[in-house]
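Enquirer: I have a structure here, written as C-alpha cells, and I will follow up with some questions on it.
The values are calculated or read from the model by the stated rules, or taken from the named source; none is laboratory data. Since the model is a prediction, treat every value here as computed from it, not as a measurement. Counting neighbours? That spans all protein chains shown, and the Cβs are built from the backbone with ideal geometry, glycine included. Surface areas here come from the heavy atoms of the whole protein model, side chains and all, with no ligands, DNA or RNA. Shrake-Rupley method; radii C 1.70, N 1.55, O 1.52, S 1.80 Å.
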Amino acid sequence: MAKPKPPFFSLPQLLLILAVVSLFLSRLHVVADSHFEGFEADDEEDLDSLPTESLPLRSPPLTFSQPEPDPVPDPVPSDPVPEELQVPDSDPPKHPSSTTFEYWDEDEFEGLPIELPSPETTTTTTTTSKSADEDVKPSDPSSDSKASPETKKAGTSPRSSSYMVEIACGSFLIIFVINYFTGKRENENIALSWAAKFAANDSIFDKNFSLLGVGDGDDSPLLLKEGQNVFKFYASGRRYCQGLLATMELKSRHDLISRVYNMVVPCKDEISFEVYMNDEAMDHVVFAVAKKKAAKVMQKEVRDLQRFASVLSPPSGRKWVSEELAVISESKEVAGDLISEAVLDQVFGEKAFEKFRKGFISMHFSDEHLGTHKKMLLFKFALPDVNNMADMTRLVSLIPYYIDLVGRYKLSAQARSKTDAARAKAAQEAYKELQNARQDALQRKKAERRRLLEEAEARLSAEAIRKKEAKERSRQMKKGMPKVKMTRAH
Amino acid sequence: MSSHGNASAANDPRQPSTANPYVPPQISPQDLPVDYSGFIAILFGLFGVMFRYKLCSWLAIIFCAQSIANMKNYENDLKQVSMAMICLEFTLHVIVQLVKLA
C-alpha cells in the first residue's frame with residue numbers, strides 16, 4: 001500500500017483523486033488489519049463508514065447466535081445445540097486449542113460479547129483479545145489521524161509545485177509581451193531607417209521612380225507593414241519596368257520563442273526586390289549570381305534556372321567575379337554582357353566584393369519566372385545594422401543599373417536562335433503537360449458520366465423488374481378473377 | 001557610382017505616366033502560410049483538456065500568444081482569430097478549473 005503512494009503524490013494534477021484514494025486506502029488498511037486480527041471492536045465505528053466489501057465479513061457478529069452454529073460445526077462438530085448461554089462456556093476453550101485465529105474471527109468474536117455476561121472462565125482468551133482490542137482501538141484513530149496529515153502534506157507540496165508552473169509560465173508570458181513591444185520597435189526602426197536612406201527625397205529610389213509608397217497620392221506611406229517583421233516598399237513609374245516591390249523580412253525580434261531559436265540557428269535581416277519588367281523591354285535572359293553553394297542549390301531547385309541555365313566556369317582572359325561567387329546563365333554571351341566592367345569594379349570584383357560579402361545574397365534575372373509576372377529581376381540582400389544603412393548603397397544602386405542594362409539588352413542573332421529553340425522546347429513541354437492534364441480531366445469526366453449512366457440504368461432495370469413483377473401479379477390476378485366472377489355469376 | 005549613374009544622368013529615367021499604384025496580391029485562404037504555432041497551441045490545448053494536465057494548457061497559451069504575435073495583416077480574417085480564441089478559452093477554462101481544484 002505504501003509503495004504506490006510516492007509516484008501518486010509526485011503528480012500534482014491527480015491531487016484530489018489521490019487524496020480521496022489515499023483516504024480510502026488508509027481506511028481499508030485499518031479494516032484489513034482489524035479483520036486479520038479478528039476483532040469486532042471496530043464494528044461500531046466501521047459500521048458507520050465501512051465500504052460494502054467488508055460488510056459480509058462483519059455480518060455474522062450482528063446476528064449474534066444464529067450464525068454462530070454455521071461456522072462452529074466446521075472445526076468442532078460437538079456443539080450442535082444452540083443454547084446460547086452454554087455455547088460461550090464451551091466455546092472459549094476451543095479457541096486457544098485451535099489458535100488458528102486467522103480463520104476464526106467470528107468465533108473469537110462470539111466469545112467476546114458473551115464473555116462479558118460470564119467473565120469467569122475464559123480469562124486467557126479474553127485478556128488477549130481485549131488487549132488486542134485495546135491495541136487496535138487506539139491504533140485505529142491514530143492510523144486515521146496519521147493518514148489525514150499525510151494527505152494534507154501531499155496536498156501542500158504539489159500545490160507549491162503547481163504554483164511553480166504558474167509562476168514560470170506567467171513570467172514567461174510577461175517577458176514575451178515585453179519582448180513583443182521592444183522587438184516590434186526594433187524592427188520598425190530598421191525598416192524606417194532603410195526607407196529614410198533609400199526612399200526619401202533625393203535618394204536612389206526617389207531619383208529613379210516617379211511613384212513611391214504603397215498608397216495613392218503624394219503623402220502615401222512609404223512602407224506597408226505586413227507583419228511584425230515583414231515590411232513592403234513599392235515603387236513604380238520608371239522606364240523598362242512596371243514596378244518594383246521590396247520586401248523586408250527581418251528577424252522575428254518580436255517573438256521570444258523564435259528569438260531563442262535564432263540564437264541557435266542564426267539568421268539575417270533580408271530584403272528582396274522584385275522588379276517587374278515590361279514585356280517588350282526584356283529579351284531572353286536567364287541569369288543568376290550567388291555565392292557558390294547557394295548557386296548550386298538554386299540551379300537545382302529554381303525551375304527556370306534548372307531548365308534553361310547552368311553554372312558557368314569563369315572564362316579565361318577576362319576579369320571575372322570574385323571567387324566566392326558563381327554565375328548561372330543560359331549562355332556565356334549573356335553572362336559576359338551582364339557582368340560589365342563597371343559592375344566588377346564597383347561590386348562583384350575580387351577587391352570590391354570584400355565589402356559586400358555580408359550584404360549580397362543573390363541576384364536572379366529571368367524572363368521565365370512562374371506566376372503572373374514572367375519577366376522579373378530579383379535581388380536579395382542582407383540588411384546591415386540600423387546605423388550602417390549606407391553600407392548597402394552600392395548594392396541598391398545595382399537595381400536601377402540592371403533595370404537599364406537588361407531593358408536595353410538585345411541578344412545577338414546566334415544566341416537568340418538558341419534561346420528561341422530552348423523556349424520553344426520548353427513551351428512544347430508545357431503545352432504537352434497542359435494537354436495531358438486536360439485529357440486527364442476529360443477522361444475523369446467521361447468516367448463520371450459513364451458511372452452516372454450505369455447507375456441510372458441500374459435504377460431503370462430495377463424499375464423494369466418491378467414492372468414485370470407487377471404485370472405477372474396482375475396476370476395471375478386475372479387468371480384468378482374469372483373464377484371469382486364465375487362463382488359470382490352462379 | 002558615376003559609372004552607374006551615367007544613363008540616369010543623361011535623361012531622367014522616371015516616367016510618371018506609366019506609374020501603377022500598388023495592388024496587393026490576392027491570396028486565397030488555402031495559400032496562407034501554415035500557422036505552426038497555432039497548430040501546436042491547439043494540440044497542447046486539447047491535451048490539456050483531455051488529460052487535465054496544467055502544463056499543457058500553459059504551453060498552449062504561450063504558443064497561442066506566439067501565433068497571435070506572428071499574425072500577418074492579410075490573415076486578419078475571422079477564422080484564424082476565432083481559432084486562437086477558442087484555443088485560449090479552452091486552456092483558460094482548464095487552468096482555472098485546475099487551480100480551483102488545487
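Enquirer: Being over 30 Å from A:C169 (Cβ atoms), among the β-branched types (V, I, T) and either open to solvent by 50 Å² or more (accessible area, probe 1.4 Å) or touching a residue at least 60 places away in the same chain (Cβ under 8 Å) (or both) narrows it down to one of B:V23, B:V34, so name that one.
Expert: It is B:V23.
Enquirer: Moving to a separate point now. Where residues in region B:43-55 are surrounded by 21 or more Cβ atoms within 10 Å (Cβ to Cβ) and within 20 Å of the chain's Cα centre (by Cα), which of them is nearest to the other protein chains (Cβ to nearest Cβ)?
Expert: Of all residues in region B:43-55, those surrounded by 21 or more Cβ atoms within 10 Å (Cβ to Cβ) come to B:44-45, B:48, B:54.
Pick out the ones that are also within 20 Å of the chain's Cα centre (by Cα) and you get B:44-45.
Values: B:F44: 12, B:G45: 14 Å.
Top of the filtered list is B:F44.
Residues checked against (1) free of Cβ contacts under 8 Å to residues at least 60 places away in the same chain; (2) closer than 30 Å to B:D31 by Cα:
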residue: A:E274; (1), (2): no, yes
residue: A:K300; (1), (2): yes, yes
residue: A:K319; (1), (2): yes, no
residue: A:K351; (1), (2): yes, no
residue: A:F356; (1), (2): yes, no
residue: A:E368; (1), (2): no, yes
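Enquirer: Report whether or not A:L244 is surrounded by 14 or more Cβ atoms within 10 Å (Cβ to Cβ) and without any contact (Cβ under 8 Å) to a residue 40 or more places away in the chain. First the steps, then the outcome.
Expert: Working: surrounded by 14 or more Cβ atoms within 10 Å (Cβ to Cβ): yes; without any contact (Cβ under 8 Å) to a residue 40 or more places away in the chain: no.
Answer is no for this residue.
Enquirer: Within region A:421-475, count every residue that is in contact with a Phe, Trp or Tyr (Cβ under 9 Å, 6 or more places away or on another chain) and open to solvent by 100 Å² or more (accessible area, probe 1.4 Å).
Expert: Summing the residues that are in contact with a Phe, Trp or Tyr (Cβ under 9 Å, 6 or more places away or on another chain) and open to solvent by 100 Å² or more (accessible area, probe 1.4 Å) in region A:421-475 gives 0.
Enquirer: Turning to a different aspect of this structure: Report yes if A:Y401 is on the phi < 0 side of the Ramachandran plot, free of Cβ contacts under 8 Å to residues at least 12 places away in the same chain and of a type in the set (F, W, Y), otherwise no.
Expert: Values: on the phi < 0 side of the Ramachandran plot: yes; free of Cβ contacts under 8 Å to residues at least 12 places away in the same chain: no; of a type in the set (F, W, Y): yes.
Taking the combined requirement at face value, the residue does not satisfy it.
Enquirer: Okay, moving on. Considering B:Y22, B:Y53, which residue is aromatic (F, W, Y), in contact with a strand residue (DSSP E or B) (Cβ under 6 Å, 6 or more places away or on another chain) and either modelled with pLDDT under 85 or closer than 21 Å to A:F205 by Cβ (or both)? So that I can check it myself, show each step before the final result.
Expert: Details: B:Y53 fails: in contact with a strand residue (DSSP E or B) (Cβ under 6 Å, 6 or more places away or on another chain).
Unique residue meeting the criteria: B:Y22.
Enquirer: Something else: I'm trying to understand the selection: among the residues of region A:172-199, which are within 24 Å of the chain's Cα centre (by Cα) and open to solvent by 50 Å² or more (accessible area, probe 1.4 Å)?
Expert: Passing the criteria: A:F172, A:I174, A:I175, A:V177.
Enquirer: Within region A:208-224, how many residues turn out to be open to solvent by 30 Å² or more (accessible area, probe 1.4 Å) and over 34 Å from the mean Cα position of the chain (by Cα)?
Expert: Result for region A:208-224: 8.
Enquirer: Could I ask something else about it? Quick check: is even one residue across region A:355-373 surrounded by fewer than 20 Cβ atoms within 10 Å (Cβ to Cβ), assigned to a helix (DSSP H, G or I) and over 35 Å from the mean Cα position of the chain (by Cα)?
Expert: Yes, some residue in region A:355-373 is surrounded by fewer than 20 Cβ atoms within 10 Å (Cβ to Cβ), assigned to a helix (DSSP H, G or I) and over 35 Å from the mean Cα position of the chain (by Cα).
Enquirer: For region B:56-98, which positions are at pLDDT 75 or above and small (G, A, S)?
Expert: Across region B:56-98, the qualifying residues are B:S57, B:A60, B:A65, B:S67, B:A69.
The rows are residues; the columns are (1) touching a Pro at 6+ places or on another chain (Cβ under 7 Å); (2) hydrophobic (A, V, I, L, M, F, W, C); (3) open to solvent by less than 60 Å² (accessible area, probe 1.4 Å).
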{"residue": "A:E226", "(1), (2), (3)": "no, no, yes"}
{"residue": "A:M248", "(1), (2), (3)": "no, yes, yes"}
{"residue": "A:N278", "(1), (2), (3)": "no, no, yes"}
{"residue": "A:K300", "(1), (2), (3)": "no, no, no"}
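Enquirer: On the basis of being more than 8 Å from every other protein chain (Cβ to nearest Cβ), modelled with pLDDT under 80 and not in a loop (DSSP other than H, G, I, E, B), does B:A9 make the cut?
Expert: The answer is yes for B:A9.
Enquirer: Just one of (1) out of contact with any Cys (no Cβ under 9 Å at 6 or more places or on another chain); (2) at pLDDT 90 or above; (3) more than 11 Å from chain B (Cβ to nearest Cβ) trips up A:D279, so point out which.
Expert: (2)
Enquirer: A follow-up question, please. Restricting to region A:258-272, count the residues that are touching a residue at least 12 places away in the same chain (Cβ under 8 Å) and among the hydrophobic types (A, V, I, L, M, F, W, C).
Expert: Residues in region A:258-272 being touching a residue at least 12 places away in the same chain (Cβ under 8 Å) and among the hydrophobic types (A, V, I, L, M, F, W, C): 2 in total.
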